[in-house]
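Computed from the coordinates by the stated procedures, all read-outs in this text should not be read as laboratory data. Keep in mind that what you see is a predicted model, and the values were worked out from it rather than measured. Cβ: placed from backbone, ideal geometry, glycine included. Neighbour counts: every protein chain shown.
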Amino acid sequence: MSQERVHLNRREFFSFITVGWVAFTSAIAGLASLAFRFSYPNVNFEPEMDFIAGYPQDYESGVDERWKNSFGVWMVKQEGKLVAFSNICTHLGCVPNWLPAELKFKCPCHGSGYYMNGINFEGPAPRPLERYAISLTPNGTIKVDKTKIYRWEKGQWDNPNSFIEV
Amino acid sequence: MSKRGVADYIRETQVWKSIFRHGPPTNARNRAAVVAGNVFLHLHPIKLKKSGVQLGYTWCMGGLTFFIFLALTVTGLLLMFYYRPTAEYAYNDIIALKEHVPLGIMREIHRWGAHAMVITVWLHMFRVFMTGSYKPPREFNWGVGVILLVLTLLLSFTGYLLPWDQLAIWAITVGANMAKATPFLGHGGPGAAFAQIGDFVMVSDKNDVRFQLLAGRFVGEPALLRFYILHCVFIPLVVGTLIAVHFWRVRKDGGISAPL
């Protein structure tokens, strides 16, 4: 039996070690980033972010709650405009109730209140409700797009995408 | 031959000797071996200063916290036998734990224990601060303790959702919106507006930290499952590991600090 010694000089040893550490570190970093990516599912089963909300003539004047449970949207028709309000309270993100007798949105979590036009007037809410983008499709239906948000305090409610004339 | 008691007889059996690798703790060497030779006790200092067991100085708050953590682990494991983390069953299983299961108080023990643990952790931190026990060489262990405090609060937070009632869902909605406000990582936080290239929004409600926490845009069934795993497996594993480090460092840093 012959004993063959692998001879490494100092320089070779360090380049060997360096390659080893780089490989090890990148393997760990790769696994960590895979684990991170794993926490974001490719598909989720939440409602679509945009939807067709019927025709403008489907809505009476006032607050309409038909899309509240399915899409989290109030349709409000007032003063010749139809707008789509987010039903998320601007205080901490709960869902207010529409109180028809008192003509206001009232949040059960901390008591924020909003007028029918979305402006806050009581409780801790720091700003009015948010509007979603709303538009008419070529065949006359209403399209609500929740990925675009229009805020009163930024002066965005004058934007023609934040309401439709009715 | 002198009089031999039953205890001496038992100590000489092979079973006893195979379990305990040292003689009776009648001398200093054996008493040290009791601690050093035991996998659980060896995290503990072999010798204590008299002041280390002085209630007026330590309040035993760290020990109480650990005791409550153990109680929560045991009651939590028992609760897991009956609780299913799905939207269909979660709420009813919590009711069942009170009504359909012997010892309906089990869930209350777990809940009150959780409250108590948060209180004892704070008091422990207060004591350590007031006695200056965070100073070198114990500064590393203070850091470990701060992480353990945060993890304790996260255990409370994740456990809060599991009853799946109105309070739970809206409390977690509000809590998760804090993640939304994280700088650069949450879509409502400072810096998110800068991470935008033309119409392409880099940090949005579908890829920020809140989405990662809830596995969705709002608190739904995926969030329930995620919080359940975090509460029952992930965070307790990290906490258990850090508790071991924490105790071991108490020993390595010179034992419990003493009055000057």
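A simple packing score, the average count of other Cβ atoms within 10 Å per residue, orders the peptides B:55-64, A:83-92 as A:83-92, B:55-64, with the highest score first. Among B:His187, B:Leu153, B:Val245, which residue has its Cα furthest toward the positive end of the charge dipole of chain B, with +1 on Lys/Arg Cβ and -1 on Asp/Glu Cβ? So the residue we want is B:Val245. Checking Cβ-Cβ separations below 4.7 Å across the protein assembly as shown identifies B:Cys60, B:Cys232 as cysteines lacking any candidate disulfide partner.
Think of each Lys and Arg Cβ as +1 and each Asp and Glu Cβ as -1; about the Cα centre, that makes the dipole of the protein assembly as shown roughly 2860 debye.
Seen through its C-alpha gyration tensor, with square-root eigenvalues sorted a ≥ b ≥ c, the protein assembly as shown comes out prolate because a/c lies at 1.5 or above while a/b is bigger than b/c. Peptides A:25-32, A:59-66, B:249-256 ranked from most to least packed by the mean count of surrounding Cβ atoms within 10 Å: B:249-256, A:59-66, A:25-32. Among residues other than B:Asp205 whose Cβ falls under 13 Å from its Cβ, what is the net charge (Lys/Arg +1, Asp/Glu -1)? Here the charged neighbours net out to +3. Note on chain A: with charges restricted to the Cβ of Lys and Arg (+1) and Asp and Glu (-1), its dipole about the Cα centre is near 660 debye. Taken residue by residue and averaged, Cβ atoms of other chains lying within 10 Å of the Cβ of A:89-99 number 3.
Taking a ≥ b ≥ c as the square roots of the Cα gyration tensor eigenvalues, the range B:51-252 comes out oblate, since a/c reaches at least 1.5 and a/b does not exceed b/c. Across peptide B:211-223, the average count of Cβ atoms from other chains found within 10 Å of a residue's Cβ is 3.
Full extension of the chain segment joining B:Thr13 with B:Trp112 gains 31.2 nm, where the gain is 0.36 nm per residue of separation less the Cα-Cα distance. Looking at A:Ile119, A:Val83, A:Ser61, which one has the Cα that reaches farthest to the positive end of the dipole of the range A:36-166 (charges on Cβ: Lys, Arg +1; Asp, Glu -1)? Projecting each Cα onto the dipole axis, the largest value belongs to A:Ile119. Inter-chain neighbour count for A:37-48: the average number of beta-carbon atoms from partner chains within 10 Å of each residue's beta-carbon is 3. For the pairs A:Lys106/A:Lys146; A:Lys106/B:Lys98; A:Lys106/A:Lys143; B:Lys3/B:Lys50; B:Lys98/B:Lys180, note any where the Cα-Cα span goes beyond 29 Å. Violating the 29 Å Cα-Cα cut-off are A:Lys106/B:Lys98; B:Lys3/B:Lys50; B:Lys98/B:Lys180. Taking other residues whose beta carbon is less than 9 angstrom from the beta carbon of A:Ala133, and scoring Lys, Arg as +1 and Asp, Glu as -1, yields +2.
Using a ≥ b ≥ c from the Cα gyration tensor of the range B:1-140 (square roots of the eigenvalues), is it rounded, prolate or oblate, where a/c under 1.5 gives rounded and otherwise the larger of a/b and b/c decides, a/b for prolate? Because a/c hits 1.5 or more and a/b fails to exceed b/c, the range B:1-140 counts as oblate. Among A:Trp21, A:Leu31, A:Ile52, which residue has its Cα positioned farthest towards the positive end of the charge dipole of the range A:18-84, with +1 placed on the Cβ of Lys and Arg, -1 on the Cβ of Asp and Glu, and the dipole taken about the Cα centre? Farthest along the dipole direction, towards plus: A:Trp21. The peptide list B:13-19, A:129-135, put in order of mean Cβ contacts within 10 Å with the highest first, becomes A:129-135, B:13-19.
In the range B:51-252, Cα pairs under 8 Å separated by at least six residues give a relative contact order of 20 percent.
Helices assigned as whole DSSP H runs in chain B whose Cα atoms extend at least 24 Å along their own long axis and whose mean Kyte-Doolittle hydropathy is -0.5 or higher are found at B:61-80, B:106-130, B:139-161, B:235-252.
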